[in-house]
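Worksheet for the structure shown next.
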Amino acid sequence: NKSEHYSTQVRPPGTSRRIPQTIIIGVRKGGTRALLEMLDIHPNIVVAATEVHFFDWDENYVKGIDWYRSLMPFSYENQITIEKTPGYFTSPQAPERIHDMNSSIKLLLILRDPTERVISDYTQVYYNRVESHKPVQPFEEIVIKNGALNTKYKAIQRSLYDIHMEKWLKHFSLDQIHIVDGNTLIKDPLPELQKVEKFLNLPSRIMSSNFYFNQTKGFYCIRSDGRERCLHESKGRPHPVVNSTVLDQLYSYFREHNSKFYRMINHSFDWH
Ligand code: A3P
């Protein structure tokens, strides 16, 4: 059982803490937690339990690489360490800093339809505000200002994948960045995970028997090490129904950015 040793923090013989050979860089609300938890099924993968924010938060970056390493789980030599911090993808500093650490690192990026991502982002902030008793605004009031799309809205800017990707491609080659289709990972996780196994040069170990569809949650859950578990209730929350005119405005705003992104990565997705 892999999860046993890093909760107790006792170093099992033959293991050490290693700097990640792979990082899930984002995108926020793309399905980063699902991807990390599903990859953790693999016997040759160990994952950092929490979001580390080393490369995107200056106050952490100044603590240095040993601090970063100290947050990684113990691993055997034949295991790959993975951490995920969704904020890296949109961080101006992260690409160069990660490149400085390891210029041949393999990066994973999970994306979903940019409009869907905006709504998911809004929904997360909405629930956080409700929980801390702060006032909330309907989606449409945030997204439309003075009759036009509020392109300053952070959630919209985070969905401009072409703009963020451009910064990564200044430091990394395209074949170092594997893009996982977040929409597919929801509907049919195994094929997406098998592509990741290939990308990481790992033997195929994740099986269809590692997943079962939970009708109540409406998502796939994980069966591994004799245990069954779904992601936290904050993952896979119902989204608000959005006014269709506003939806169309978002779709058309992202269309050009998406086309540019597809050309950049030589691949297209069936986003709106
Ligand atoms: P929603 O909650 O908006 O549906 P992240 O972990 O990057 O924050 O992404 C959260 C998203 O992961 C969820 O967004 C959900 O759609 C998606 N997801 C993918 N597979 C999932 C799964 N098996 N269980 C729950 N959520 C999953």
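The values are calculated or read from the model by the stated rules, or taken from the named source; none is laboratory data. Bear in mind that the values here come from a model prediction, so they are computed numbers and not experimental data. No Cβ is skipped: glycine too gets one built from the backbone with ideal geometry, and neighbour counts run over all protein chains shown.
Under 9 Å between Cβ atoms, at least 6 apart or on separate chains: pull out the pairs that start in the stretch 223-236 with a residue that is more than 6 Å from the ligand (Cβ to nearest atom) and of a type in the set (A, V, I, L, M, F, W, C) and end on any residue that is in a loop (DSSP other than H, G, I, E, B) and at pLDDT 95 or above. Between residues of the stretch 223-236 that are more than 6 Å from the ligand (Cβ to nearest atom) and of a type in the set (A, V, I, L, M, F, W, C) and residues that are in a loop (DSSP other than H, G, I, E, B) and at pLDDT 95 or above, the close pairs are CYS230/THR216; CYS230/LYS217; CYS230/GLY236. Kindly indicate whether any position in the stretch 232-244 is assigned to a helix (DSSP H, G or I), over 21 Å from the mean Cα position of the chain (by Cα) and either exposed (fewer than 15 other Cβ atoms within 10 Å of the Cβ) or β-branched (Val, Ile, Thr) (or both). Scanning the stretch 232-244 turns up at least one residue that is assigned to a helix (DSSP H, G or I), over 21 Å from the mean Cα position of the chain (by Cα) and either exposed (fewer than 15 other Cβ atoms within 10 Å of the Cβ) or β-branched (Val, Ile, Thr) (or both). Of all residue pairs spaced 6 or more apart or on separate chains, those with beta-carbon atoms under 7 Å, a first member in the stretch 149-176 that is assigned to a helix (DSSP H, G or I) and a second member that is charged (D, E, K, R) are ALA155/ASP121; ARG158/ARG28; ARG158/ASP121; ASP162/LYS260; GLN176/LYS106.
From the residues in the stretch 5-38 that are of a type in the set (Gly, Ala, Ser) and not in a loop (DSSP other than H, G, I, E, B), which one is modelled with the lowest pLDDT?
So the first thing to find is which residues in the stretch 5-38 are of a type in the set (Gly, Ala, Ser), and the list is 7, 14, 16, 26, 30-31, 34.
This time we only want the ones that are not in a loop (DSSP other than H, G, I, E, B), so: 7, 16, 26, 34.
Working: SER7: 51, SER16: 97, GLY26: 96, ALA34: 98.
The selected residue is SER7.
Can you tell which of ARG69, ARG97 is within 17 Å of HIS164 (Cβ to Cβ) and assigned to a helix (DSSP H, G or I)?
ARG97
Kindly establish whether LEU111 is within 12 Å of the ligand (Cβ to nearest atom) and within 28 Å of ASN183 (Cα to Cα). Yes: the conditions hold for LEU111. Checked against the criteria, VAL136 does not count as within 15 Å of the ligand (Cβ to nearest atom) and under 20 Å from PRO238 (Cβ atoms). Of all residues in the stretch 178-217, those satisfying the criterion of being of a type in the set (D, E, K, R) and either assigned to a helix (DSSP H, G or I) or in contact with a Leu (Cβ under 6 Å, 6 or more places away or on another chain) (or both) are LYS187, GLU192, LYS195, GLU197, LYS198.
Kindly indicate whether PHE199 is under 21 Å from the mean Cα position of the chain (by Cα) and away from the ligand (no atom under 14 Å from the Cβ). For PHE199, the condition - under 21 Å from the mean Cα position of the chain (by Cα) and away from the ligand (no atom under 14 Å from the Cβ) - is met. Of all the numbered requirements in (1) within 15 Å of the ligand (Cβ to nearest atom); (2) of a type in the set (A, V, I, L, M, F, W, C); (3) surrounded by fewer than 20 Cβ atoms within 10 Å (Cβ to Cβ); (4) without any contact (Cβ under 8 Å) to a residue 40 or more places away in the chain, ALA48 misses one, and that requirement is (3). When PRO43, PRO92 are checked against the criterion of being away from the ligand (no atom under 16 Å from the Cβ), closer than 30 Å to ILE144 by Cβ, not charged (D, E, K, R) and not in a strand (DSSP E or B), PRO92 stands alone in meeting it.
Say we look at the stretch 11-40 and pick out the residues that are surrounded by 24 or more Cβ atoms within 10 Å (Cβ to Cβ) and not hydrophobic (A, V, I, L, M, F, W, C); which of these is farthest from the ligand (Cβ to nearest atom)? The extreme case among them is PRO20. Taking the listed residues SER259, SER209, the one that is farther than 23 Å from ARG117 by Cβ and among the hydroxyl-bearing types (Ser, Thr, Tyr) is SER209, with no other qualifying.
Put simply, of ILE144, ILE177, ILE163 the only residue that is of a type in the set (Val, Ile, Thr) and under 17 Å from the mean Cα position of the chain (by Cα) is ILE177.
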